[in-house]
Structure formats: C-alpha cells, structure tokens
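Take a look at the structure set out below.
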Amino acid sequence: MNDYTQIPKMTLLDRILVLSGIAAPVFHLFAVLMSGILHPGYSHISQAVSVLGAQGVQFSAILNYAGLVPAGILTLAFSTAMFRQLKGEPAFFISSCLVALTGIGRLIAGLFPCDPNCVPIVTISGRLHAIAGFMALIAGSLAPLVMAFGLRRQDSQTLFHLSLFLGLLALVTSIVLMSQLWMMYFGGIQRLLLIFTYTWMIAVALSIFTDNN
C-alpha cells in the first residue's frame, strides 16, 4: 500500500464512490458520441460539445441528462472518495476540492443548457452554463497538477508522473481554449481536454481501489 492512502480496508460505500471516478467519463463521453450520431453534419472537430445540448436542439436531453448531469454527480461522488481515502498532504485535499468543483460545474452545465449554438450568450441559462463550464475547465485542469505536487515525496511515482504529465497537457489545452486560437479546431481541442482530465480521474480511482484491496 502506498503511503498516500492510510485507510486499510474500504467499505462498500467507499468502493462505490471510488468507482464513480470511472463511471463519470463513461456517461459523459458516451452521451457526446450518441448525440453526435443523432445530429448528422455535426463536427466533433470544430463544434463545442455544449452545442449538442443547447436550448431548442433535438435530443439535447441525451447530452444534458444522460451525460453532463450524471457525470457531474459521479464526479462529485468521486471527490468524496478522494476526501475519504487520500491523507497526509494538503495538496490532496485541495485536489479533491478541485474535482468537486469540476463535478459541480458539469452538473450545473447540464441543468442549464447554453443558448442556441451557444453564442451569443443572452439568457440566464446560457450565462450559468458558460460560468459552470469555465469553472469545470479550470478546476479540472488544475486538479492533476495539485495532486502531482502532493505526490512528489510519496511512493507512487507512477501516479506522480502521470498526474504531472496529464496536468500539464490539460493546462496547456485549457489555455489554448481560453485564448480562442485555432477556433476551427475548438471541438477537437475541447475533447482532448476531456480525455486528459478523465484519464487522470480513472488513474487515481484505479490507484485508490487497488491500493486499498
């Protein structure tokens, strides 16, 4: 057992909470793929994910209520697992808080869809969606780097290097998105960011699960 986890045996609740970190990406990414299939002509490379769940869009409930909402709830559940299982470093607590903010952001984004085509932002729902999405983007990008900082003196060097690598990739990708460079590839860059952050979540979940069994 690595020394960043100090609970010798997980309860059934702990197992469920940890596995939520694996289930969240499945719900989110499956909903994105299914929504894209149901909208011929939609581009995963150039168009934002939120367009699939925008106000007035057919089948928008798939992305919002089968993707973002459950992914947000499951991410929140996983942050609880991190709070319960990761001890010994303030960085772990901060990383857990950032994961919780990511989950809250996704949940709110699902409950409050963006305006048609997501621009311009004119409704309250659209504003809430934009704010929540920005919060999830920033928090989700910083969480791996903060975790890496806490792991630098721990035994789990594999998770340290993975957190550092994926955190740096996520941070750079976030900066590119916020700079609005290469807007013709916005959708593809956004999906890369999801892959980086969700891959890290899965890695942390698997690490906690295996080290406490």
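The values are calculated or read from the model by the stated rules, or taken from the named source; none is laboratory data. From a predicted model like this one, the values you see are computed outputs, not experimental measurements. Heads up, the Cβs are rebuilt from the backbone with ideal geometry, glycines too, and the neighbour counts pull from every protein chain shown. Keep in mind that these areas ignore ligands, DNA and RNA; they rest on the heavy atoms of the full protein, side chains included. Shrake-Rupley method; radii C 1.70, N 1.55, O 1.52, S 1.80 Å.
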Dipole axis of segment 60-182 (+1 Lys, Arg; -1 Asp, Glu on Cβ), positive-most option in F160, G88, G133: G88
Karplus-derived HN-Hα couplings along segment 72-82 (A = 6.51, B = -1.76, C = 1.60, θ = phi - 60°), whole Hz, x at Gly and Pro: x, 5, 5, 5, 4, 4, 5, 4, 5, 4, 5
Rounded tilt (10° steps) of 12-37 against the dominant C-alpha axis of the chain: 20
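Let me spell out the model: positive unit charges on the Cβ of Lys and Arg, negative unit charges on the Cβ of Asp and Glu, origin at the Cα centre of the chain. What dipole size does that give, in debye rounded to 20? Kindly include the intermediate steps, with their values, before the conclusion.
Values: 9 positive and 6 negative charges, 18 e Å.
Computed charge dipole of the chain: roughly 80 debye.
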Per residue value of the accessible surface for segment 135-213 (all protein chains in place, 1.4 Å probe), Å²: 46
Degrees separating the helix 157-179 axis from the principal Cα axis of the chain, which is the longest one: 20
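V119 to K9: FRET efficiency via 1/(1 + (r/R0)^6), r the Cβ-Cβ distance, R0 41 Å, to the nearest 0.05?
Computed FRET efficiency for V119 and K9 comes out at 0.20.
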Overall dimensions of segment 41-137 by Cα: Rg and Dmax, Å: 15.0, 50
Degrees between helix 90-111 axis and first principal axis of the chain (Cα, 0 to 90, nearest 10): 30
Protein accessible area in the chain, 1.4 Å probe - carbon and sulfur %: 76
Segment 50-123 and segment 6-44: distance between their alpha carbon centers, rounded to Å: 11
Distance cut-off 32 Å, percentage of C-alpha pairs in the chain lying past it: 17
